[in-house]
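**Student:** Got a structure for you, written out below as structure tokens; questions coming shortly.
The values are calculated or read from the model by the stated rules, or taken from the named source; none is laboratory data. Please read all numbers here as calculations on a predicted model, not as lab measurements. No Cβ is skipped: glycine too gets one built from the backbone with ideal geometry, and neighbour counts run over all protein chains shown.
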């Protein structure tokens, strides 16, 4: 079984990953603490619990940002 690579853009910066890769895999690859950030994939918010189900595709645009809770 051969692995291919895919390129995604994270906050405007290119990143190459081995495919297949999920959004959760990308967060781990970036060394982000999964519970400390929020994510969007191609402009759509992705809840933490769904990151492992979202398979990345070549050319995807990912935004990682610190979630802010207001009061």
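**Student:** So how many residues does region 1-38 have that are within 24 Å of residue 68 (Cβ to Cβ) and in contact with a helix residue (DSSP H, G or I) (Cβ under 6 Å, 6 or more places away or on another chain)?
**Tutor:** 3
**Student:** If a residue must be surrounded by 13 or more Cβ atoms within 10 Å (Cβ to Cβ) and within 11 Å of the chain's Cα centre (by Cα), how many such residues does region 4-20 contain?
**Tutor:** As a first pass, look at region 4-20 and keep what is surrounded by 13 or more Cβ atoms within 10 Å (Cβ to Cβ): 6-10, 15, 17, 19.
If we keep only those that are within 11 Å of the chain's Cα centre (by Cα) as well, we get 8-10, 15, 17.
Total satisfying the criteria: 5.
**Student:** Considering only region 17-35, state which residues are more than 15 Å from residue 63 (Cα to Cα) and not in a loop (DSSP other than H, G, I, E, B).
**Tutor:** Within region 17-35, 17, 18, 19 qualify.
**Student:** Moving to a separate point now. Looking at residue 67, is it modelled with pLDDT under 95 and either part of a strand (DSSP E or B) or touching a strand residue (DSSP E or B) at 6+ places or on another chain (Cβ under 9 Å) (or both)?
**Tutor:** Details: modelled with pLDDT under 95: yes; either part of a strand (DSSP E or B) or touching a strand residue (DSSP E or B) at 6+ places or on another chain (Cβ under 9 Å) (or both): yes.
In short, yes.
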